[in-house]
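Comments concern the structure below.
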Amino acid sequence: MPAAPDRQPGAAAAPGRLGIDIGGTKVALRAEIGDGRIEESSFTWGPHQDADRDLADLAAHLKEFPGAADVRAVGVAVPATVGPDERITAWPSRPAWSGLALGPALRALFPGAAVAWADDGDLGALAEADAADCPHLLYVGVGTGVGGGLVLNGSLCPGPDRGSFEIGHLVIDQDGPECVCGRRGCLQATASGPATLAHAAALRGAPVTFDELRAGLRDRLPWAVAALDRTARALATAITGVGELVHPERAVLGGGFTAGIPDLLPRVTTHLTTHHRPGHPTPPLSPARLSGLSSLRGALLLARRL
């Protein structure tokens, strides 16, 4: 980061920038203060599911957070689906937010500041592309769902004004499992963490926890190996399809499930090699550099562009 400009003693700091990552259970904040300092904070939502109370909690936290004292630009990462009228149309983790006018709610929290928001997967891609110094990058995050984003020529594709890059709802198998969106065969329905555990349980004939899957993979138990292999094949299929259409320079794999299952990335890489065709190799795959911080860092990058 460049050195902060000299200021006279007692002079007020220039307005800064703020990134906010709004999750289903946790909210993280990262502020870039005008004098070059970075401030970070986080809090956990209460057990209630009322949007007004959630927003009141956020407002209360902002009052106590030094980084929010004087900002001129705010970028927000949200996992919810937001329509062109700025209203949330779906957020399974906090369904009470459905119908909320997100734009007015956020602008009310930061009067006088420029405010923008984007899908958390999209902003994760923006941050990973910045960290890798790669202008054409595909990011896939595997956790309780499957999200991700695409950066082309240094910009998000398709762009916040045209919607998010919903790789988790790319249909990879018309006869696949039913997805929470109502379709069948979405990548998320096959390759998310819960989907992998459900398939492992079906093969084992008994419920499987995350730790049991890890132990089963360590011991090379057939049900664990087969379940992870199906997930890896599905991810490789989706990455290959995106690669054929837009030719990213590289792909990165992140998310909490990926971080906890070290076998996943090399298995996806193995399946990717089987999809090569003459003159059209699949994009090289590497681990995400920022892990769980990618969406928050991306939110701050979004604020920098305002």
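Which ones in segment 38-56 are closer than 23 Å to Gly292 by Cβ, touching a residue at least 24 places away in the same chain (Cβ under 8 Å) and outside any strand (DSSP E or B)?
Listed by number, the residues that qualify are Trp45, Asp54.
Need pairs with beta-carbon distance below 6 Å; first residue part of a loop (DSSP other than H, G, I, E, B) and within segment 118-139, second hydrophobic (A, V, I, L, M, F, W, C); sequence gap 6+ or separate chains.
His136/Leu152
List the number of the failed condition for Leu265; all other conditions in (1) touching a Pro at 6+ places or on another chain (Cβ under 9 Å); (2) assigned to a strand (DSSP E or B) hold.
With (1) touching a Pro at 6+ places or on another chain (Cβ under 9 Å); (2) assigned to a strand (DSSP E or B) applied to Leu265, the lone miss is (2).
Would you point out the residue of segment 29-44, among those that are more than 17 Å from Lys63 (Cβ to Cβ) and touching a helix residue (DSSP H, G or I) at 6+ places or on another chain (Cβ under 9 Å), that is surrounded by the fewest Cβ atoms within 10 Å (Cβ to Cβ)? Before the answer, list the steps.
First, pick out the residues of segment 29-44 that are more than 17 Å from Lys63 (Cβ to Cβ): 30, 32, 34-38, 44.
Still in the running and touching a helix residue (DSSP H, G or I) at 6+ places or on another chain (Cβ under 9 Å): 30, 32, 37-38.
Values: Arg30: 22, Glu32: 20, Arg37: 14, Ile38: 12.
Once the filter is applied, the top-ranked residue is Ile38.
Restricting attention to segment 87-106, which residues are modelled with pLDDT of 90 or more and either open to solvent by 50 Å² or more (accessible area, probe 1.4 Å) or over 26 Å from Val71 (Cβ atoms) (or both)? Spell out the reasoning first.
If we filter segment 87-106 for residues that are modelled with pLDDT of 90 or more, which is where we start, we get 87-89, 96-106.
Result: Arg87, Thr89, Ala96, Ser98, Gly99, Pro104.
Enumerate the pairs (first residue in segment 196-217 and outside any helix (DSSP H, G or I); second residue anywhere and modelled with pLDDT under 95) with beta-carbon separation below 8 Å, excluding pairs fewer than 6 apart on the same chain, so at least 6 apart or on different chains.
That search, which allows pairs on different chains as well, returns nothing.
The values are calculated or read from the model by the stated rules, or taken from the named source; none is laboratory data. None of these values were measured; they are calculated from a predicted model. Glycine gets a Cβ as well: all are built from the backbone with ideal geometry, and neighbour counts include every protein chain shown. Heavy atoms of the whole protein, side chains included, go into the accessibility calculation; ligands, DNA and RNA do not. Shrake-Rupley method; radii C 1.70, N 1.55, O 1.52, S 1.80 Å.
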